[in-house]
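Only one structure is covered here, and it is reproduced in the block below.
The values are calculated or read from the model by the stated rules, or taken from the named source; none is laboratory data. Computed from a predicted structure; not experimentally measured. Here the Cβ positions follow ideal geometry from the backbone for every residue, glycine too, while neighbour counts run over all protein chains shown. For the accessible areas, the whole protein counts, side chains as well, though only heavy atoms, and no ligand, DNA or RNA atoms are used. Shrake-Rupley method; radii C 1.70, N 1.55, O 1.52, S 1.80 Å.
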Amino acid sequence: MPNPAENNFEIAAASAEDIVTLGAWAHEEGWNPGLADGGVFFPTDPGGFLIGRLGAVPVTSVSVVRYGPDHGFLGFYLTRPHLRGQGYGLRTWQAGTARLAGRNVGLDGVPDQQDNYRRSGFRTCWSNARYEGTPPTDIAPPPGTSLVDARSVPFAHLAAYDRRFFPAPREGFLAAWITAPGRTALAAVRDGELQGLGVVRACRAASRIGPLYATSPQVAAYLVSALAATLPEGTVAVDVPDVNPAAVRLAGELGLTPSFDTARMYTGPEPVIDRSGYYGITSLELG
């Protein structure tokens, strides 16, 4: 096996332009990244994206984004297919995990990498299944519930709501996520209180909904229906966590079918979140 150290292989922080390349690689893997995700991901933690180059050619990547003082999320772990098994990916992994040392690190791992992640100290906490299809676009609202543009809700309320479903504050990421191009963000409100939040974004294939939070399956269904109605084709994909059985049932009731699996894994204790309101994860790359 070639020795990466003898092949002019270097790992450095990725640039904003490099994130476009990582999106293209993710598309080749069938992950269906959002068209404008890079513009949100990079500012969240500009030092949190590493790229390995063989000579001047990008060949490996990993994202290791820091949230708060003790949480991190790992994604974009990729090696170009013709160089796999030669040590380049492992060196990139080691550089990335060193950046998150001492933190509880999460990731959404594809099936063929999960054993490797376990050997690196990760353990499975739940599974996500991507459900895709064309849901009804005429679901009636639950009594007293209405939808508003999430950007019209006081941001402090949105950030506090998001914090119920994610193990660390991420105000900067959330603000960019709901305002980036090519997406619609809706909040469900009843009597002035948040009942749900959903964001749909344009992707290379089916538009993806994430996050999807709701106080009940009825609110979640209403959000999915309204978000799908904003799309030309109405086809959506949602990464549904099985820690909320109601979310799995709802996906089937909406006519969506599973197409892709990942496992949410952590190096430390499983974070305490509001499982009953967690209907769809935000992204595979940043949690």
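Data for the structure
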| item | result |
| --- | --- |
| Principal axes of segment 130-280: Cα extent on each, largest first, Å | 38, 35, 31 |
| Carbon and sulfur %, accessible surface of the chain computed with the full protein complex present, 1.4 Å | 53 percent |
| Accessible area of E171 in the full protein assembly, 1.4 Å probe (Å², nearest 10) | 90 Å² |
| Choice from V65, V199, V189 showing the highest fluctuation, given a GNM over the chain with Cα pairs closer than 10 Å | V189 |
| For T21, solvent-accessible area (1.4 Å; no DNA, RNA or ligand), Å² | 50 Å² |
| Sequence of I139, I19 from largest to smallest accessible area, 1.4 Å probe | I139, I19 |
| Top of S120, S276, S207 by mean-square fluctuation, Gaussian network on the chain, Cα under 10 Å | S120 |
| Taking all pairs of distinct alpha-carbon atoms in the chain, Kirkwood radius in angstrom | 19.3 Å |
| Sparsely packed trypsin sites (Lys or Arg not before Pro) within segment 76-163, loop by DSSP, other Cβ within 10 Å at most 15 | R84 |
| Convex hull per residue volume in Å³, alpha carbons only, for segment 61-181 | 178 Å³ |
| Estimated 222 nm signal from helices in the chain, with DSSP H stretches of n ≥ 4 weighted -39500 (n - 2.57), rounded to 500 | -8000 deg cm²/dmol |
| For S127, residues with placed amide H under 5 Å, excluding near neighbours | D242, V243, R264 |
| Efficiency of FRET between D138 and N116 - r from beta-carbon atoms, R0 51 angstrom, step 0.05 | 0.70 |
| Long-range tail of P(r) for segment 112-170 (Cα pairs > 16 Å, %) | 73 percent |
| Listed residues T230, P169, N116: farthest to the positive end of the dipole of the chain (Cβ charges) | N116 |
| Candidate residues H27, H82, H157, H71: accessible-area rank, largest first, probe 1.4 Å | H82, H157, H27, H71 |
| Whole-Å semi-axes of the ellipsoid equivalent to segment 1-141 (Cα gyration tensor, √5λ, descending) | 28, 18, 17 |
| Residue-normalised accessible area of the chain, expressed per residue, 1.4 Å probe, Å² | 41 Å² |
| Of V64, V236, V20, the one that fluctuates the most in a GNM where the chain has Cα springs shorter than 10 Å | V20 |
